[in-house]
Amino acid sequence: MLEIKNLHAKAADNEILRGINLTINAGEVHAVMGPNGSGKSTLAHVLSGRENYEVTAGEVIYEGKNLLAMTVEERAREGIFLAFQYPVEIPGVNTTYFLKAALNAVRKHRGLKELDAMDFLALVKEKMKIVEMDQGLLNRPINEGFSGGEKKRNEIFQMAVLDPKLAILDETDSGLDIDALRIVANGVNALHSKERAMIVITHYQRLLNYIVPDYVHVLFDGRIVKSGDRQLALKLEEKGYSWIEEQVQKNQPVNL
Amino acid sequence: MLAAIMNSTEAKNLYRTDYSRLKGELAGHGEAWIHEIREAAIARFAELGFPVKRDEEWRYTNVNAIATIPFERARYDIEGLAPDTVGRASLGLLETSQAVFVNGYYSAELSSLRGVSQDVKVGGLAAALNEGAEWIESHLARYASYRDHAFVALNTALMQDGASVYVPPGRIVQEPIHLLFISTGGKKASVSHPRNLIIIGKGSQVTIVENYAGPEKGNYFTNAITEIVVGENAVVDHYKLQRESDEAFHVATLQVCLGRSSNVSSHSISLGGALVRNDVNVVLDGEGGECTLNGFYMVSGEQHVDNHTRIDHVKPHGTSRQLYKGVLDGKSRGVFNGKIYVHKGAEKTDARQTNNNLLLSLDAVIDTKPQLEIYNNDVKCTHGSTIGQLDQDAIFYLRSRGIGVESARRLLTYAFASDVIGRIRIDSVRAQLDKLLAAKFQKDS
């Protein structure tokens, strides 16, 4: 589904991604872990098309197409979804209105009939259950005055409504208490399917107790320095990122 | 189509000659009181001349274009109306409470006032003046000051017609009264001086919509004045929608005088015109008056819009709330100058003023100047203004959900305007405005 080859990207004059290689197939869950500043969020944003970053080398093939040539909205319509680490508050834009416009833009692109208000509401009610979201939030401006947990739930709820093929969760667990984490993780698990792939970006192993990945990748200084299965995350938790840092700086192969 | 250019002395003389030639035929010409006011106003205009940059109140608005075009006096030109102009400008309001003015002149044939009860008088000012109605004499030109505003002086000297509205005490007028001003914008650049007088009796309640419309193109000049006198305990909801031709000049003063415990909301929406100046002056002349001034302006291309407001708190326990918001695109330019003046005797005044601006392009410019002048210690006053751009993070967020970049920008611009637009209490006007904004967006992008 997704093939990232030798991806380099910079922000301003600062090279952040320095040769990422990663292949993801439908149905797989990939966890990307790494210390602060390793390039995790940059990878998420480059995949969704954020213009603040400049891709300087490499390519990304998504469903056989050149992803890097697509605009932000084209990627979304083609089925890429980014759950934000810091969801944006947008005063004055009603959540229901926004989500209906988004869903219909996506449906139109996929050749599906646009939903009317009735059908949309029925869909929304069903999807809200997945993250136990309060319906009152729908009538509020996007994320405005939402708690941290509500914002993250809202992200997963939007993902449920938009039904993406590739979901990128950028530190969805950060800042959540254990109850909120469980609700969010359950929501993500409910959306797991054979057709859908997920990239779960996280700083902490804790999330992976709830969302079990097929693969774990460790990102350091803009490169994936180690890949493995779930055990890798557990070892990393035990030994800490500083240990990886030491090995990389000594120019040694990373062996856990 | 641009007419010959004069210098401003020639322009001044042109209007003075016009006045000398016309004074024997202007509305109410037989009445000494109005004749005296007109004489004083034209004399004052001759002294003032057109404002220039060094006049503090005109620092950011250059009216040279108005001063140098020899406008002809506009005529009642009903043949010049494009078909269905009235229908298209109707805002979805009831046609039975609608007074229509063509180039500033009341049109009995296009107006329908069947829905307005008999004792509420709505019609043309010229007719009311010529009839010698007593309420006209006691109020007309007694509020908007021609002493320090050249365009007010010009209108006062040369006014011929406009709307007259009289609501007797104790009436609740259910349907909004729609005053529709249509300019035809003929081949030659023309000027009209609509003059409106609105008197609201004690304890009455009314909604008034002043709606200025014109053709898409056409070089003309509307120089309007509206005086509203609000009786004790009366409630007035006033709307002004300005969408003149792209080439038109629009200079207007709204002068409101509030009686004791009365309540006025003013909504001023400015979308059209090449050069627009709105003065809104409110005097809280009785104890416990309350006024809300809402404003929205959206300009693009090379449009220039200037909103000057002044609120005078004269008596104790007055409240004023002001929110003006502007969206500027292209090379447009905006001015907001909001003054709150708290007089010595106005204890317990509570005044709040906000002006927020959204710049959609790098070339758009806004000059915003909130001013407080307070001559009383026992008051609560705040003011503030902001200038900003669309939030790039918000645009990215919307796009990342599949919404196109233009739609995202539009959505966020609506969101910016939504609180001030949401304060419009007439559903059909609000709905119509949504459409107008969407159309304006389409045109600009």
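Out of all the residues in the range B:125-160, which are charged (D, E, K, R) and either in contact with a helix residue (DSSP H, G or I) (Cβ under 7 Å, 6 or more places away or on another chain) or buried (at least 24 other Cβ atoms within 10 Å of the Cβ) (or both)? Explain how you work it out, then say what you get.
Filtering the range B:125-160 for residues charged (D, E, K, R) gives B:131, B:134, B:137, B:142, B:147-148.
Within the range B:125-160, B:Glu137, B:Arg147 qualify.
Consider B:Glu137 carefully, then state whether it is part of a strand (DSSP E or B) and of a type in the set (D, E, K, R).
Values: part of a strand (DSSP E or B): no; of a type in the set (D, E, K, R): yes.
Against the criterion (part of a strand (DSSP E or B) and of a type in the set (D, E, K, R)), B:Glu137 does not qualify.
Within the range A:89-109, how many residues turn out to be facing chain B (nearest Cβ under 8 Å), β-branched (Val, Ile, Thr) and closer than 19 Å to B:Ala417 by Cβ?
2
Just name the residue that is surrounded by the fewest Cβ atoms within 10 Å (Cβ to Cβ) out of those in the range A:110-126 that are among the basic types (Lys, Arg) and either away from every other protein chain (no Cβ under 14 Å) or within 14 Å of B:Leu411 (Cβ to Cβ) (or both).
Step one: of the range A:110-126, the residues among the basic types (Lys, Arg) are A:110, A:113, A:125.
Retained after the next criterion (residues that are either away from every other protein chain (no Cβ under 14 Å) or within 14 Å of B:Leu411 (Cβ to Cβ) (or both)): A:113, A:125.
Details: A:Lys113: 9, A:Lys125: 11.
This residue is A:Lys113.
Counting just the residues of the range A:59-73 that are more than 9 Å from every other protein chain (Cβ to nearest Cβ) and in a helix (DSSP H, G or I), which one comes out nearest to A:Val184 (Cα to Cα)? It would help to see each step written out before you state the result.
Looking only at the range A:59-73, we keep the residues that are more than 9 Å from every other protein chain (Cβ to nearest Cβ), and these are A:59-70.
Among the residues that remain, those that are also in a helix (DSSP H, G or I) are: A:67-69.
Values: A:Leu67: 28, A:Leu68: 30, A:Ala69: 32 Å.
Filtering the range A:59-73 for residues that are more than 9 Å from every other protein chain (Cβ to nearest Cβ) and in a helix (DSSP H, G or I), the one nearest to A:Val184 (Cα to Cα) comes out as A:Leu67.
Please work out which residue is nearest to the chain's Cα centre (by Cα), limiting yourself to the range B:106-136 and to residues that are among the hydroxyl-bearing types (Ser, Thr, Tyr) and farther than 21 Å from B:Ile228 by Cβ. Working first, answer last.
Going residue by residue through the range B:106-136, those that are among the hydroxyl-bearing types (Ser, Thr, Tyr) are B:106-107, B:111-112, B:117.
Restricting the remaining residues to those that are farther than 21 Å from B:Ile228 by Cβ gives B:107, B:112.
Values: B:Ser107: 21, B:Ser112: 23 Å.
Top of the filtered list is B:Ser107.
Which pairs do you get when a residue that is not assigned by TED's automatic domain parsing to the domain that holds B:Thr61, found in the range B:320-334, comes within reach of a residue that is surrounded by 22 or more Cβ atoms within 10 Å (Cβ to Cβ) and among the acidic types (Asp, Glu), reach meaning Cβ atoms under 8 angstrom, with the pair 6+ apart or on two chains?
B:Gly334/B:Asp306
Could you pull out the residue among B:Arg399, B:Arg409 that is modelled with pLDDT under 95 and of a type in the set (Lys, Arg)?
Numbers: B:Arg399 fails: modelled with pLDDT under 95.
From the options B:Arg399, B:Arg409, the qualifying one is B:Arg409.
Need the failing condition index for B:Gly326 against (1) surrounded by fewer than 18 Cβ atoms within 10 Å (Cβ to Cβ); (2) among the small types (Gly, Ala, Ser); (3) touching a Gly at 6+ places or on another chain (Cβ under 8 Å), just the number.
In the conditions (1) surrounded by fewer than 18 Cβ atoms within 10 Å (Cβ to Cβ); (2) among the small types (Gly, Ala, Ser); (3) touching a Gly at 6+ places or on another chain (Cβ under 8 Å), B:Gly326 misses (1) alone.
Of all residues in the range B:368-424, count the ones that are touching a Gly at 6+ places or on another chain (Cβ under 8 Å) and acidic (Asp, Glu).
Looking only at that region, the number is 1.
Can you tell which of A:Ile168, A:Ile178 is of a type in the set (Val, Ile, Thr) and without any contact (Cβ under 8 Å) to a residue 40 or more places away in the chain?
Details: A:Ile168 fails: without any contact (Cβ under 8 Å) to a residue 40 or more places away in the chain.
On inspection, the qualifying residue turns out to be A:Ile178.
Does B:Ile426 count as surrounded by 18 or more Cβ atoms within 10 Å (Cβ to Cβ), of a type in the set (A, V, I, L, M, F, W, C) and free of Cβ contacts under 8 Å to residues at least 40 places away in the same chain?
Working: surrounded by 18 or more Cβ atoms within 10 Å (Cβ to Cβ): yes; of a type in the set (A, V, I, L, M, F, W, C): yes; free of Cβ contacts under 8 Å to residues at least 40 places away in the same chain: no.
No, not satisfied.
For the range A:74-84, what are the residues that are surrounded by 21 or more Cβ atoms within 10 Å (Cβ to Cβ) and assigned to a loop (DSSP other than H, G, I, E, B)? Reasoning before the result, please.
Filtering the range A:74-84 for residues surrounded by 21 or more Cβ atoms within 10 Å (Cβ to Cβ) gives A:75-77, A:79-84.
Result: A:Gly79, A:Phe84.
Which residues, taken from the range B:79-103, are touching an Asp or Glu at 6+ places or on another chain (Cβ under 7 Å) and assigned to a helix (DSSP H, G or I)?
B:Ser97
Scan the range B:430-439 and tell me whether some residue there is in contact with a strand residue (DSSP E or B) (Cβ under 7 Å, 6 or more places away or on another chain), surrounded by 14 or more Cβ atoms within 10 Å (Cβ to Cβ), within 14 Å of another protein chain (Cβ to nearest Cβ) and under 30 Å from A:Val106 (Cα atoms).
Within the range B:430-439 (the criterion being in contact with a strand residue (DSSP E or B) (Cβ under 7 Å, 6 or more places away or on another chain), surrounded by 14 or more Cβ atoms within 10 Å (Cβ to Cβ), within 14 Å of another protein chain (Cβ to nearest Cβ) and under 30 Å from A:Val106 (Cα atoms)), the answer is yes, since at least one residue qualifies.
Out of B:Ile403, B:Ile395, B:Ile421, I need the residue that is in contact (Cβ under 8 Å) with a residue 40 or more places away in the chain and out of contact with any Ser or Thr (no Cβ under 7 Å at 6 or more places or on another chain). Which one? Write out each step before concluding.
On the way: B:Ile403 fails: in contact (Cβ under 8 Å) with a residue 40 or more places away in the chain; B:Ile395 fails: in contact (Cβ under 8 Å) with a residue 40 or more places away in the chain.
Matching residue, one of B:Ile403, B:Ile395, B:Ile421: B:Ile421.
Residue by residue, here is whether (1) farther than 24 Å from A:Ala44 by Cα; (2) surrounded by fewer than 22 Cβ atoms within 10 Å (Cβ to Cβ) holds:
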site	(1), (2)
B:Ser385	yes, yes
B:Leu390	no, yes
B:Tyr397	no, no
B:Ser400	no, no
B:Gly404	no, yes
B:Ser407	no, yes
B:Thr413	yes, yes
B:Ser418	yes, yes
B:Ile421	yes, yes
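Part of a helix (DSSP H, G or I), of a type in the set (Lys, Arg) and within 14 Å of chain A (Cβ to nearest Cβ): is that true of B:Arg409 in this structure?
On the way: part of a helix (DSSP H, G or I): yes; of a type in the set (Lys, Arg): yes; within 14 Å of chain A (Cβ to nearest Cβ): yes.
So B:Arg409 fits the description; yes.
Restricting the search to the range A:115-150, which residues are under 16 Å from A:Tyr97 (Cβ atoms) and of a type in the set (S, T, N, Q)?
Those that are under 16 Å from A:Tyr97 (Cβ atoms) and of a type in the set (S, T, N, Q): A:Gln135, A:Asn139, A:Asn143.
Considering only residues that are of a type outside the set (D, E, K, R) and buried (at least 24 other Cβ atoms within 10 Å of the Cβ), look in the range B:242-253 and name the one that is nearest to B:Val314 (Cα to Cα). Steps first, answer last, please.
Quick first cut of the range B:242-253, residues of a type outside the set (D, E, K, R) only: B:242, B:245, B:248-253.
Next cut, buried (at least 24 other Cβ atoms within 10 Å of the Cβ) only: B:242, B:248-252.
Values: B:Gln242: 30, B:Ala248: 36, B:Phe249: 33, B:His250: 30, B:Val251: 26, B:Ala252: 24 Å.
Checking each candidate, the answer is B:Ala252.
Name the residues in the range B:361-404 that are in a strand (DSSP E or B) and within 14 Å of chain A (Cβ to nearest Cβ), would you?
Step one: filter the range B:361-404 for residues in a strand (DSSP E or B), giving B:365-374, B:379-388.
Within the range B:361-404, B:Thr386, B:Gly388 meet the criteria.
Looking for something out of contact with any strand residue (DSSP E or B) (no Cβ under 7 Å at 6 or more places or on another chain) and more than 24 Å from B:Glu134 (Cβ to Cβ) - is there at least one such residue anywhere in the range B:268-284? Outline the logic, then answer.
At the first step, the residues of the range B:268-284 found to be out of contact with any strand residue (DSSP E or B) (no Cβ under 7 Å at 6 or more places or on another chain) are none.
The answer is no; no qualifying residue exists.
Give B:Ala189, B:Ala163 a once-over and let me know the one that is in contact with a Phe, Trp or Tyr (Cβ under 9 Å, 6 or more places away or on another chain), touching a residue at least 24 places away in the same chain (Cβ under 8 Å), surrounded by fewer than 24 Cβ atoms within 10 Å (Cβ to Cβ) and assigned by TED's automatic domain parsing to the domain that holds B:Ser107. Please lay out each step first, then the result.
Numbers: B:Ala163 fails: surrounded by fewer than 24 Cβ atoms within 10 Å (Cβ to Cβ).
The unique qualifying residue is B:Ala189.
Got at least one residue in the range A:146-154 being at pLDDT below 95, of a type in the set (Phe, Trp, Tyr) and surrounded by fewer than 22 Cβ atoms within 10 Å (Cβ to Cβ)?
Checking the range A:146-154: at least one residue is at pLDDT below 95, of a type in the set (Phe, Trp, Tyr) and surrounded by fewer than 22 Cβ atoms within 10 Å (Cβ to Cβ).
Can you work out which of the residues in the range A:1-54 that are in a strand (DSSP E or B) and among the small types (Gly, Ala, Ser) is nearest to the chain's Cα centre (by Cα)?
Filtering the range A:1-54 down to residues in a strand (DSSP E or B) leaves A:2-11, A:14-24, A:29-33, A:53-54.
Within this subset, residues satisfying the condition of being among the small types (Gly, Ala, Ser) are A:9, A:11, A:19, A:31.
Details: A:Ala9: 18, A:Ala11: 20, A:Gly19: 20, A:Ala31: 10 Å.
The extreme case among them is A:Ala31.
The values are calculated or read from the model by the stated rules, or taken from the named source; none is laboratory data. Predicted, not measured: the structure shown is a model, and the values here were computed from it. Here Cβ is always computed from backbone atoms with ideal geometry, including for glycine, and neighbour counts include all displayed protein chains.
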